[in-house]
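Trainee: Before we start, here is the structure in question, set down as structure tokens.
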């Protein structure tokens with residue numbers, strides 16, 4: 001927030017987030033949204049759900065799962081059109097392999113796009129996704145399940161999110177993934193298959209956005225084929241998907 005003084009102006013950054021858009025400015029920005037094509041407006045609204053900084057892969061997933069669905073090429077075209085209108089800008093550094101990062105030109109434009117209630121897209125997508133959660137879950141799916149089909153990747157995502165909700169595990173996605181002795185892949189390993197990473201990132205996005213967890217019956221553990229960890233004899237097996245077998249840790253099997 002800018003405070004005008006007689007001799008100098010002050011910028012109070014801590015008050016920017018709490019500031020509200022003046023009604024007349026809100027109307028001006030809303031008019032700009034109304035002049036967009038339906039796809040451009042929906043794309044901008046869905047991008048606003050992710051945050052002022054957002055990634056094309058997130059918006060592509062939202063558009064693909066909306067009704068009617070939008071092809072990735074159409075979403076890319078909409079993003080390019082919004083960039084030409086100077087409503088968003090592409091950032092030089094993405095932070096996620098295989099994805100392009102964008103930023104809204106103004107925080108106020110992001111706020112208006114997010115708060116718009118007339119668009120169908122905003123009503124369908126109301127969950128803001130934590131970028132750290134998205135990165136941790138995407139990396140876990142890449143290293144633990146990139147060779148699996150989509151259903152197998154969704155199942156591994158379920159296990160991680162089930163752990164977040166379970167009282168015996170850390171309360172965040174990154175906490176679960178980085179818990180000592182659990183997910184043992186090399187956390188410093190490089191992601192070399194960019195296309196594969198983009199695909200698992202879309203699975204992670206859907207899971208974090210609230211996709212139903214119906215595949216593993218509440219599993220909090222899994223192991224690959226050919227491995228027989230000691231805990232697999234104590235916990236109830238729920239299902240096998242692809243090369244992974246899943247277990248519930250809150251139902252222990254009776255020992256003889």
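No value in this document is a laboratory result; all are computed from the given coordinates. In this text the structure is predicted, and so the values were computed from the model without any measurement. FYI the Cβ positions are ideal-geometry reconstructions off the backbone, even for glycines, and counts take in every protein chain you see.
Trainee: Rounded to the nearest Å, what's the spacing between the alpha carbon centres of segment 188-236 and segment 26-96? Just the number, please.
Mentor: Going from one Cα centre to the other spans 29 Å.
Trainee: Could you give the length gained on full extension between residue 107 and residue 243, defined as 0.36 nm per residue of separation minus the Cα-Cα distance, in nm?
Mentor: On the way: separation 136, 0.36 × 136 = 48.96 nm, distance 4.54 nm.
Gain on stretching residue 107 to residue 243: 44.4 nm.
Trainee: Also, quick follow-up: Students often get this wrong: which residues of segment 158-191 have the backbone nitrogen under 17 Å from the point 7 angstrom along Cα-to-C-beta of residue 232?
Mentor: 182-184
Trainee: Now for a separate question. Rank these for me by crowding, 238, 184, 65, going from fewest to most other beta carbons within 10 Å. Mind dumping the intermediate values first?
Mentor: Working: 238 20, 184 9, 65 16.
By the 10 Å Cβ count, ascending, the order reads 184, 65, 238.
Trainee: Decide, for segment 56-99, between rounded, prolate and oblate: order the square roots of the alpha carbon gyration tensor eigenvalues as a ≥ b ≥ c, take rounded if a/c falls under 1.5, and otherwise choose prolate if a/b is larger than b/c, else oblate.
Mentor: On the way: a/c = 2.66, a/b = 1.29, b/c = 2.06.
Oblate.
Trainee: Could you work out how much longer the chain between residue 93 and residue 225 gets when fully extended? Use 0.36 nm per residue separation minus the Cα distance between them, nm to one decimal. If you can, show how the numbers build up before the last one.
Mentor: Working: separation 132, 0.36 × 132 = 47.52 nm, distance 3.82 nm.
Extra length from residue 93 to residue 225 when fully extended: 43.7 nm.
Trainee: A follow-up question, please. Taking the Cβ of each residue in 33, 134 as the centre, tally the other Cβ atoms inside 10 Å and list the residues starting with the fewest. Before the final figure, lay out each step's value.
Mentor: Values: 33 18, 134 24.
Result, fewest neighbours first: 33, 134.
Trainee: Let me ask something additional. Fewest Cβ neighbours within 10 Å first, please rank 139, 83 accordingly.
Mentor: Values: 139 23, 83 14.
With the fewest neighbours first, 139, 83 line up as 83, 139.
Trainee: Put one equal scatterer on each alpha carbon of segment 163-214, apply the Debye formula with no solvent term, and list log10 I(q)/I(0) at q = 0.21 1/Å to two decimals.
Mentor: -1.00
Trainee: Could I have the simple spin-label model distance between residue 182 and residue 34, label points 7 Å from Cα toward Cβ, reported in nm to one decimal?
Mentor: 4.9 nm
Trainee: Another one. Which shape class applies to segment 131-252: rounded if a/c is under 1.5, otherwise prolate when a/b exceeds b/c and oblate if not, where a ≥ b ≥ c are the square roots of the Cα gyration tensor eigenvalues?
Mentor: Working: a/c = 1.45, a/b = 1.36, b/c = 1.07.
Rounded is the answer for segment 131-252, as its axis ratio a/c remains below 1.5.
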